[in-house]
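Undergrad: I'd like to ask some things about the structure below.
Read-outs throughout are calculated quantities, based only on the coordinates presented, and are distinct from any laboratory measurement. Predicted, not measured: the structure shown is a model, and the values here were computed from it. Ideal geometry is used to build each Cβ from the backbone, glycine not excepted, and the neighbour counts take in all protein chains shown.
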Amino acid sequence: MKPYTGVIPRYREFLPVTKKTPVISLQEGNTPLIFSSRISALLGTRFRVYLKYEGLNPTGSFKDRGMTVAISKAKEQGAKAVICASTGNTSASAAAYGARAGIPCIVVIPEGAIAMGKLAQALIYRAKVIAVKGNFDDALRIVREISSQYPAVLVNSINPFRIEGQKTASFEICDFLGTAPHFHSLPVGNAGNITAYWKGYKEYYSQRKISHLPRMLGFQAHGASPIVRGAPVKKPETVATAIRIGNPASWQGALDAREESQGLIQSVTDQEILAAYEILAHQEGVFVEPASAASVAGLLKISKQGYFEQIAGKEITVSCTLTGHGLKDPQIAIKNIQPPPVVAAETERVAAAAGI
Ligand SMILES: *Cc1c(COP(=O)(O)O)cnc(C)c1O
């Protein structure tokens, strides 16, 4: 078997690249699809829930799948610079792939609303980071204007190459399972990813690689749920900073995925997000950032509401995207947990403190 070398070589025939495209890769993709007995059991005996652990990409989020394609195409086109707005992970990814391509990267972020790990990444990869006194939607408006007036290629998910790369996650899920899941659950922020997954599933279906399509289940944070409300949210608020977005760029893509797949888009509260975040870490050993846990929180919520009772089938397979790594935002993890006890450096004291 040939060694794995990234999503472009792996799924080249589905991607807008040619022999002339320089492949800028950090061997992204090929992430594990982990069976979760605990979350399956919480839904019921018919369920098999799999976790697509995208935090294990090179910069710690699924953004790398799209960025390898976007930066490779930018390089092919001779870009002098790339630019993006970001809630954190897009900037980390753009900065890393920009560094690898030798293309300067400009990042515009909402001031004070970025998890520490993500900011550290953008800085150490030496992106030019600029914080604005505004939110993500302001930052996106500004980089759109800059990229239309200056020679800098926009690498937000409105860049279609990003969506193309991100759709490879659904290919991997189908290749792993040998079929499509019945449901696919994921968090929704700017809605690029739900658009990308649905595109991927549809392409595999039209190539007859799968015989049915999943229903798409998208979850926004309650305080940042424009699609659920049907109107932009001026001041989006949520602990899940990666989905703190009030006016999603791929709004229509999300609606299409919902309608065409007969799925749903709902919201989950910060409390529900943090409860799922803890279950994933404590009961499965899978550490994700809060936004990622929205997919599991949503699944548990609609299950409690009886959503699956109307669904027939002896065995129901659900895949759940866990979009980013927990180490991105360590402050959230330790916020509500007692700090460790400090005792004398003596075996008996440590044993006593450990309760054994
Ligand atoms: C970007 C991101 C999201 C949201 O994805 P969209 O494509 O904007 O909907 C969710 N979780 C994490 C960790 C992200 O980085």
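Undergrad: Would you calculate a helix-derived [θ] at 222 nm for the chain, using -39,500 (n - 2.57) for each DSSP H run of n ≥ 4 and dividing by the full residue count, to the nearest 500?
TA: Result for the chain, helices only: -12500 deg cm²/dmol.
Undergrad: Give me the log10 of I(q) over I(0) for region 113-163 at q = 0.17, 0.18, 0.25, 0.26 Å⁻¹, as the Debye formula computes it from C-alpha points; what are the numbers?
TA: Computed log10 I(q)/I(0) values: -0.65, -0.73, -1.20, -1.22.
Undergrad: Once you order the gyration tensor axes a ≥ b ≥ c over the Cα atoms, which shape class does region 300-356 get: rounded for a/c under 1.5, otherwise prolate or oblate by comparing a/b with b/c?
TA: Judged from the Cα gyration tensor, region 300-356 comes out prolate (a/c at least 1.5, a/b above b/c).
Undergrad: Find the relative contact order for the chain and round it to a whole percent, using C-alpha pairs within less than 8 Å whose residues are 6+ positions apart.
TA: In percent, rounded to a whole number, it is 18.
Undergrad: May I pose another question? In percent, what relative contact order does region 9-113 have, based on Cα pairs under 8 Å that are 6 or more apart in sequence?
TA: 26 percent
Undergrad: Taking the Cα centre of region 229-356 as origin, work out the dipole magnitude from +1 charges on Lys and Arg Cβ and -1 charges on Asp and Glu Cβ, in debye rounded to 20.
TA: 380 debye
Undergrad: Let me ask another. Which order do the peptides 317-327, 191-201 come out in when sorted by mean C-beta neighbours inside 10 angstrom, highest first?
TA: For the peptides 317-327, 191-201, the packing ranking is 191-201, 317-327.
Undergrad: Looking at the chain as a GNM with Cα springs under 10 Å, which of Ser147, Ser292, Ser225 has the largest mean-square fluctuation?
TA: Top of the fluctuation ranking is Ser147.
Undergrad: Something else now. Can you check what the net charge comes to around Thr21, using other residues whose Cβ is under 9 Å from the Cβ of Thr21 (Lys, Arg +1; Asp, Glu -1)?
TA: Charge balance in the 9 Å sphere: +3.
Undergrad: Below 13 angstrom from the Cβ of Ile163, what's the summed charge of the other residues (Lys, Arg +1; Asp, Glu -1)?
TA: My count for the surroundings of Ile163 gives +4.
Undergrad: Hey, can you rank 293-305, 259-271 by average C-beta count inside 10 Å, highest first?
TA: Order by mean packing, descending: 293-305, 259-271.
Undergrad: Do any chymotrypsin sites (Phe, Trp or Tyr not before Pro) in region 1-49 lie in a DSSP loop with no more than 11 other beta carbon atoms within 10 Å, and if so, which?
TA: Taking region 1-49 and a limit of 11 other Cβ atoms within 10 Å, the loop chymotrypsin sites (Phe, Trp or Tyr not before Pro) found are Tyr4.
Undergrad: Next question. With a cut-off of at most 12 other beta carbons within 10 Å, and DSSP calling the residue loop, which trypsin sites (Lys or Arg not before Pro) in region 1-50 qualify? Please list them.
TA: Here the trypsin sites (Lys or Arg not before Pro) that fit, given the DSSP loop and packing criteria, are Lys19, Lys20.
Undergrad: Quick check on packing: order 234-246, 161-173 by the mean number of other C-beta atoms within 10 Å, highest mean leading.
TA: The packing order, highest mean first, is 161-173, 234-246.
Undergrad: What number, in percent, do you get for the relative contact order of region 17-59 if the mean sequence gap of Cα pairs under 8 Å and at least 6 apart is divided by its residue count?
TA: 42 percent
Undergrad: Lys/Arg Cβ at +1, Asp/Glu Cβ at -1, dipole of the chain taken about the Cα centre: which of Ala294, Val23, Gln331 is farthest positive-ward?
TA: The Cα lying farthest towards the positive end belongs to Val23.
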